[in-house]
Amino acid sequence: MLLQIQPKSFAIAYITYVFFSFVIYLITANTIPAWIVYLFVLAPFYLLCAAHVISVAWTKRNCSVQLRKNLLWITFVFQGLMIASSPGSCYGVNQGQACYSFIQALFVDLFTNENLRQFGPNVMHWSYVESAFPFMVGLYMLSMIFVLGLLHFVPHANR
């Protein structure tokens, strides 16, 4: 299924998506390791992608952008997995150990009467989820490159 929009509208929508995604990341990242990844890896990546989208929108302003909707869902899934596996709480964690993932911290807070501060170091780590965060960041970035690389530009008919 193809979505066809004007380059200027696509650039505005993409920059809005990048802004709100970054705000959501910073809200869900309650730890220094997550902030380091988001600020020093994801922020420069977003700036490069936004600069690319703006330059393409400017050079191809007489065309329409065709985007495959099903590719967007892959990016959204990787984005959700990245947020879920991001370090969410380092409370009670010894130096050198992984922090609790965001989904684990959320699970403990929502489905028990306690929270991680009261459990302390007694909570078992979900090591597969915690160690998946760098891979999820990489897969998310690759999916963004893939989506932006597969944009098609169709020239407008002469009026």
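The values are calculated or read from the model by the stated rules, or taken from the named source; none is laboratory data. The structure presented is a predicted model; accordingly, all values stated were derived computationally and were not measured. Methodologically, a virtual Cβ is constructed for each residue, glycine included, from the backbone with ideal geometry; neighbour enumeration extends over all protein chains shown.
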Residue identified as assigned to a helix (DSSP H, G or I), polar (S, T, N, Q) and touching a helix residue (DSSP H, G or I) at 6+ places or on another chain (Cβ under 7 Å) among THR16, THR75:
THR75
Give the number of residues within segment 121-159 that are loosely packed, with under 13 Cβ neighbours inside 10 Å and either at pLDDT below 85 or assigned to a loop (DSSP other than H, G, I, E, B) (or both).
10
Do any residues in segment 89-110 that are modelled with pLDDT under 75 have Cβ atoms under 9 Å from those of residues that are in a helix (DSSP H, G or I) and acidic (Asp, Glu), where the two are at least six apart or on different chains, and which pairs are they?
ALA98/GLU130
Give the residues of segment 50-85 that are closer than 30 Å to LEU106 by Cα and without any contact (Cβ under 8 Å) to a residue 60 or more places away in the chain, sorted by residue number.
TRP73, PHE76, VAL77, GLY80, LEU81, MET82, ILE83, ALA84, SER85
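Quickly run through segment 23-36 and pick out the residues that are in a helix (DSSP H, G or I), surrounded by 12 or more Cβ atoms within 10 Å (Cβ to Cβ), out of contact with any Phe, Trp or Tyr (no Cβ under 7 Å at 6 or more places or on another chain) and modelled with pLDDT under 90. Give the derivation first.
Residues of segment 23-36 in a helix (DSSP H, G or I): 23-28, 32-36.
Pick out the ones that are also surrounded by 12 or more Cβ atoms within 10 Å (Cβ to Cβ) and you get 24-26, 28, 33-36.
The next check asks that each one be out of contact with any Phe, Trp or Tyr (no Cβ under 7 Å at 6 or more places or on another chain); those that pass are 24, 33-36.
Correct list: PRO33, ALA34, TRP35, ILE36.
Kindly evaluate PHE10 against the criterion of being more than 18 Å from TYR140 (Cβ to Cβ), surrounded by 14 or more Cβ atoms within 10 Å (Cβ to Cβ) and at pLDDT below 95.
Yes, satisfied.
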If you scan segment 50-72, which residues turn out to be within 16 Å of TYR17 (Cα to Cα) and assigned to a strand (DSSP E or B)?
LEU67
Assuming TRP73 fulfils every condition listed in (1) among the aromatic types (Phe, Trp, Tyr); (2) within 21 Å of ILE27 (Cβ to Cβ); (3) modelled with pLDDT of 90 or more apart from one, which condition is it?
(2)
